[in-house]
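The values are calculated or read from the model by the stated rules, or taken from the named source; none is laboratory data. The shown structure was predicted, so the numbers you read here are calculated from the model rather than taken from an experiment. Cβ coordinates were reconstructed from backbone atoms using ideal geometry, including for glycine residues, and neighbour counts include every protein chain displayed. With ligands, DNA and RNA removed, areas are computed over all heavy atoms of the protein, side chains included. Shrake-Rupley method; radii C 1.70, N 1.55, O 1.52, S 1.80 Å.
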Amino acid sequence: MSLSLSFTGHHDPQPLPLTLHSALFTLHSLSSVLALLVCAAIVLVLVLVLVARYYGDAEAKKYTSNTRNQQIQADMTYRALELLNLPPGQPAFLLDIGCGSGLSGEILDEEGYLWAGVDVAPSMLEVALEREVEGDLFLQDIGQGFGFRPGSFDGAISISVIQWLLNAETSHPTSSPPHRLQRFFTTLHSSLRSPSRAVLQFYPSSDEQVQMIAGVARKAGFGGGVVVDYPNSRRARKVFLCLFVGGGGGGGSGSGQGGGKGEEELPKGLEGEEEESARVRFERRRERERAKAKGGKRKAVKDRDWILKKKEEDEDEDEDERGRGRGRW
Amino acid sequence: MVRLITHNLLACHAKDCNTNNFPLEFKDVQLEIREADFNPDFLKGFMPKIEWKALVDTARQLGDTSLPLEQPEMLDDEFLKNLHHVLLEIHVEEGSMTCPNCKHVYPISNGIPNMLLAEHEIG
């Protein structure tokens, strides 16, 4: 749930106009063209920096309050928990990788799990604090690895995060995607209890990416593999890495009869169209809201969003008044 | 929101810092006590994961002396309630954690520890 999600649309600076420009300027001396290019580059960088600033704060809030996003995140969290296949009725301590603003954490709270969450975006963690999730939050770059003692967690989930490990942040060797992936999976593997599972939903941009990531996970010692839900639906298709430590030891329904070796069978992906599950999804949401109301954690009438909106309105009004004032005087 | 349950699991993850890197040492802390639901089953299940000496030492450093120096074999209700309080209700809101080995400082602000490493510290 990294906020960098919002950058994608703005990252295409369209190189075409630049080449056109340089073509037009071939009559002029080479140096003036170069100067122009440098100026254009500086302006572009400035714009990108401003955009990044803006998204840091505003988008973190927007992302969290968008109901469609919320619903998709919630669905994937429930599905990840299902794939985690924890022993029923037993308390567990989980790791939420890229916990963001706590959308998945809230569900972990409601389901009665204790958890710790890590995220690299301070603005998202701030929203998580305001939502008063129960888990401990860490500001951490998962590509730098975890420092948790061996066997700390009974399972790990991650929703829409690990594709970001494929971006190189700088040219330093420790920030190359293979190095970051390897560091992430090795330290995650050792933080997990044996047997247990990690279920990581992510958005790959190609099958090669899926194979690459799964390959690094295997090298780090994980069993398991890739589970694809709704593989034939363009909209509903979801990719989960379902990773096993020490055989994956499901305490669940005994779905996988590993035949003595103890390695669990990889769960099957969901088939059919997304629409089929629409009813279930809304039922879950209703249940969630009912549970919330019962739990006394009912949403305050004048919540954060309300206050922010009010503030914005007031500011707008002030500006309007100032504008009018100037006109009158 | 660093509770002692996570502090007890957390070692330093800086490059080549592999020994004597636990427990991280709290400094200049501000605490907050927040009630949490008492769940004896969770505590019993969690007991084997605890580094007992580190937990007792840290709790004492933060002013809670309710836990015995040796991990008891009989888990009575009073002990579990004390353990519950130490693990889940003491929150460190401000301050820092220092690695006993490499001396890396992880600052805690607004309840969130900053675990980010500089480039040369990444393993």
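The criterion of at least 3 residues that are more than 9 Å from chain A (Cβ to nearest Cβ) is met by the following helices (runs of 4 or more DSSP H) wholly inside segment B:26-122: B:52-61, B:77-84.
The rows are residues; the columns are (1) within 9 Å of another protein chain (Cβ to nearest Cβ); (2) over 15 Å from the mean Cα position of the chain (by Cα).
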| position | (1), (2) |
| --- | --- |
| A:Gly117 | no, no |
| A:Glu130 | no, yes |
| A:Gly155 | no, yes |
| A:Trp164 | no, no |
| A:Ala168 | no, yes |
| A:Ser175 | yes, yes |
| A:Pro178 | no, yes |
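Taking segment A:74-103 as the range and being open to solvent by 10 Å² or more (accessible area, probe 1.4 Å) and part of a helix (DSSP H, G or I) as the test, the residues that pass are A:Asp75, A:Tyr78, A:Arg79, A:Leu81, A:Glu82, A:Leu103. Of the strands (runs of 3 or more DSSP E) entirely within segment A:140-231, those holding at least 3 residues that are open to solvent by 10 Å² or more (accessible area, probe 1.4 Å) occupy A:223-229. In this structure, does A:Leu16 turn out to be modelled with pLDDT under 95 and open to solvent by 50 Å² or more (accessible area, probe 1.4 Å)? Yes: the conditions hold for A:Leu16. All told, B:Phe46 meets the bar of being aromatic (Phe, Trp, Tyr) and in contact with a strand residue (DSSP E or B) (Cβ under 9 Å, 6 or more places away or on another chain).
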